[in-house]
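Take a look at the structure below.
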Amino acid sequence: MAPDPSHPEPPAHEAAARRDWVAYFDRMEGKPARETTKAAITAFERDSGSDASPRFAIDLGCGAGRDTELLLEAGWRVLATDAHPDGLRRLRLRPACVRAEAQGTLSVREESFEEANLPAVDLVNASFALPFCPPAEFPSLWAKIDASISSGGRFAGQFFGDRDDWSILEDRTHLPRAQVLALFGGYVLESFIEEDRPSRFTGEHHKHWHVFHIVARKR
């Protein structure tokens, strides 16, 4: 049945607000990889020059695999992790992921942030994932992320700021600008974009966004 334009579906962020990940994945179907992921891949390509040796990434909180797919298509080995089985099911339907898993260049793990066991990698990609880590678990998770990134490696992803509407939700991690910057004392910030704006939705679907989009290289 075709959607009724007089009763549009609620935006994806409302599904994420209530952690209805099946609905969220449905709403985000067909979306391209995140810009931070693209920027990190480009930065590595610029670093590598003629070196064609494969690099290794963790796609942390990979969801349905939109970033994982791009990394694989760029020639990376990837460990994709997520706590929701439906996201991993959808990831495994993507042609690039099917091929890579058969070839051994993609590993997939269902695990929570608390359970995360992160090997040494060139890139930790965490697109709109870390805000959903419980605040009590965030320091430990960030320590694991930082330890896993090799010297010269990168982090790419997002943090939610303290002016975001979801900051009242006690199960989310929201950080002020100064605290976000403090996480990257041992990094060179290659891209730091602070988004502090109302959503394009009005009325009951409105949300104020406060998001930090980051690509950073470890010294």
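The values are calculated or read from the model by the stated rules, or taken from the named source; none is laboratory data. Remember, it's a predicted structure, so these values are computed and weren't measured experimentally. For neighbour counting, all protein chains shown are included, and Cβ atoms are generated from backbone atoms with ideal geometry for every residue, glycine included. Heavy atoms of the whole protein, side chains included, go into the accessibility calculation; ligands, DNA and RNA do not. Shrake-Rupley method; radii C 1.70, N 1.55, O 1.52, S 1.80 Å.
State yes or no: is D26 under 28 Å from P134 (Cα atoms), out of contact with any helix residue (DSSP H, G or I) (no Cβ under 6 Å at 6 or more places or on another chain) and free of Cβ contacts under 8 Å to residues at least 12 places away in the same chain?
It is true that D26 is under 28 Å from P134 (Cα atoms), out of contact with any helix residue (DSSP H, G or I) (no Cβ under 6 Å at 6 or more places or on another chain) and free of Cβ contacts under 8 Å to residues at least 12 places away in the same chain.
Within the group R177, R163, R92, which residue is more than 16 Å from the chain's Cα centre (by Cα), open to solvent by 50 Å² or more (accessible area, probe 1.4 Å) and within 20 Å of C62 (Cα to Cα)?
Checking each option against the conditions leaves just R92.
Can you pull out the residues in region 104-129 that are exposed (fewer than 14 other Cβ atoms within 10 Å of the Cβ) and within 19 Å of A15 (Cα to Cα)?
none
In region 130-153, which residues are open to solvent by 50 Å² or more (accessible area, probe 1.4 Å) and in contact with a Gly (Cβ under 8 Å, 6 or more places away or on another chain)?
Result: D146, single match.
Looking at region 195-217, I want the residues that are farther than 17 Å from L169 by Cβ and have a partner that is buried (at least 16 other Cβ atoms within 10 Å of the Cβ) and β-branched (V, I, T) with Cβ atoms under 6 Å, at least 6 apart or on another chain. Which pairs are those?
E195/V211; F212/V180; H213/T36; V215/T36
Please work out which residue is most open to solvent (accessible area, probe 1.4 Å), limiting yourself to region 14-61 and to residues that are acidic (D, E) and outside any loop (DSSP other than H, G, I, E, B).
Filtering region 14-61 for residues that are acidic (D, E) and outside any loop (DSSP other than H, G, I, E, B), the one most open to solvent (accessible area, probe 1.4 Å) comes out as E35.
Taking the conditions exactly as written (under 13 Å from D59 (Cα atoms), modelled with pLDDT of 95 or more and either among the aliphatic types (A, V, I, L, M) or not in a helix (DSSP H, G or I) (or both)), does G153 satisfy them or not?
no
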